[in-house]
Amino acid sequence: MKADIKSMTIEELSQLLAAMGQQKYRALQIFRWMAKGAAGFDEMTNLPQKLRAELNETAYIEKLKPEKIQVSKKDGTRKYLFRLKSGNAIESVFLKYHYGNSVCISSQAGCRMGCAFCASAIGGRAHNLSAAEILDQVISIQQDTGEKVGNVVVMGIGEPFDNYDNLCRFISLIHAEEGLNMSLRAITVSTCGIIPKIEAFGRDFPQVNLAISLHAPNDEIRNRLMPINKKYPMKELLEACEKHTEITGRRITFEYSMIRGINDEKAHAEELATKLQGMLCHVNLIPLNPVSEREYEAADRKSVEVFRKALEDKGVQVTVRRELGTDIDGACGQLRLGF
Ligand code: SAH
């Protein structure tokens, strides 16, 4: 099998090239080409022809080609469908905010977590993306738009902490100075709440932002919406979040999708506030986005506002997320596995 060199760190690439009798700077040259989006060794014109031929024999460069691009007429959001070697397809989204361009990327093809309201869970299967497949979503989108991506959120398809090793490798690659040189603080990883990985992540990448998909004020409601809660209930989850903050000193974001008649009452906000009071955190309210296979509906504007105010009155920081890309099913929870 050919080596997936785009998933390699510079050190690993150097070792591979040393084993081929090459000097270290060759690894840097190749790494830079890949970050710029080169699709093959033959594009790497500063490498000797003989080396290019040798690399063609032993290694390959992961390259995602957009199979479909949908552009929102409302806000310019762009949704990409990328076909993978496995035959599955994933989606990624390019969003323009006043503070810069963000890309929302997928970490798995499909998702095993089974959240009741999320399109990514439909089908229930998942395979992990390689670090290169995660990284190249950003590189390919930069190539397509010709614009620099300032922020990356790992909030697309999949549960990043269910693909922990490749997620960490991806972060090291995108952060590498010789690569995209992205600041760790410009990256946000969102999890449904896999506690052991929350703790590990705080130690491994204390500067990366952490978001937790909470969506409920108590176990009873959370169990109904998110099967993971049965394994990692809320009390332990919130304790893990406190520990994360102790290690990192960073504010956690809690995502709360508001679902009509399920989790959108003022009493729910008050119950949530009691649990979050005193934590270094921020709640992001997201009116549920429609997923055609699901019967859940979005909370109405008025209950969102009442909920927001109830949290605020109890001293919990809260914002209502501006939804981009709903007309192309590119908003939170609307991304799905393609075949
Ligand atoms: N698996 C990770 C990463 C996905 S992030 C996680 O659960 O955090 C995508 C976010 O959108 C999550 O907070 C998810 O719960 C939320 N979401 C899922 N379906 C949604 C929907 N229909 N409307 C709004 N948000 C949704």
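The values are calculated or read from the model by the stated rules, or taken from the named source; none is laboratory data. Model, not experiment: these values are computed from the prediction. We place every Cβ from the backbone using ideal geometry, glycine too, and count neighbours over all the protein chains shown. Accessible surface is based on the protein model in full, side chains and every heavy atom, while ligands, DNA and RNA are left aside. Shrake-Rupley method; radii C 1.70, N 1.55, O 1.52, S 1.80 Å.
What to note about this one:
- Nearest 10 degrees, 0 to 90: helix 164-175 Cα axis against the chain principal axis: 70
- Under a 5 Å amide H cut-off, with hydrogens placed 1.01 Å from N, ALA176 pairs with ASN181, MET182 among residues at least 5 apart or on other chains.
- Nearest 10 degrees, 0 to 90: helix 10-19 Cα axis against the chain principal axis: 30
- Computed per residue of the chain from DSSP H runs no shorter than four, each worth -39500 (n - 2.57), the mean residue ellipticity at 222 nm is -10500 deg cm²/dmol.
- GNM flexibility winner over the chain from GLU147, GLU297, GLU62 (Cα, springs under 10 Å): GLU147
- Among GLN23, GLN108, GLN70, the largest mean-square fluctuation in a Gaussian network model of the chain (Cα springs under 10 Å) belongs to GLN23.
- For segment 62-76, 3J(HN,Hα) computed residue by residue from phi via the Karplus equation (6.51, -1.76, 1.60; θ = phi - 60°) reads 5, 9, 8, 10, x, 8, 8, 10, 10, 10, 6, 6, 7, 9, x Hz, glycine and proline entered as x.
- Reachable lysines, given that their alpha-carbon falls under 27 Å from the alpha-carbon of LYS275 and they are not under 8 places away in the same chain: LYS197, LYS230, LYS231, LYS235, LYS243, LYS266, LYS302, LYS309, LYS314
- In summary, the aspartates and glutamates within cross-link reach of LYS50, defined as a Cα separation below 19 angstrom excluding same-chain residues under 8 places away, comprise ASP42.
- Computed from Cα atoms, the angle from the helix 195-204 axis to the main principal axis of the chain rounds to 50 degrees.
- The gain in end-to-end length when the LYS309 to ARG125 segment is fully stretched comes to 62.4 nm, 0.36 nm per residue minus the alpha carbon separation.
- Close amide H pairs (under 5 Å, H built 1.01 Å from N) link MET155 with ILE105, residues at least 5 positions away or on another chain.
- Cα-Cα over 18 Å, subset of LYS6/LYS96; LYS2/LYS63; LYS6/LYS79; LYS63/LYS85: LYS6/LYS96; LYS6/LYS79
- Accessible surface of the chain [probe 1.4 Å, protein heavy atoms]: carbon and sulfur percent: 49
- Label-point gap, in nm, between LYS36 and ASP300 - each point 7 angstrom along Cα→Cβ: 5.7
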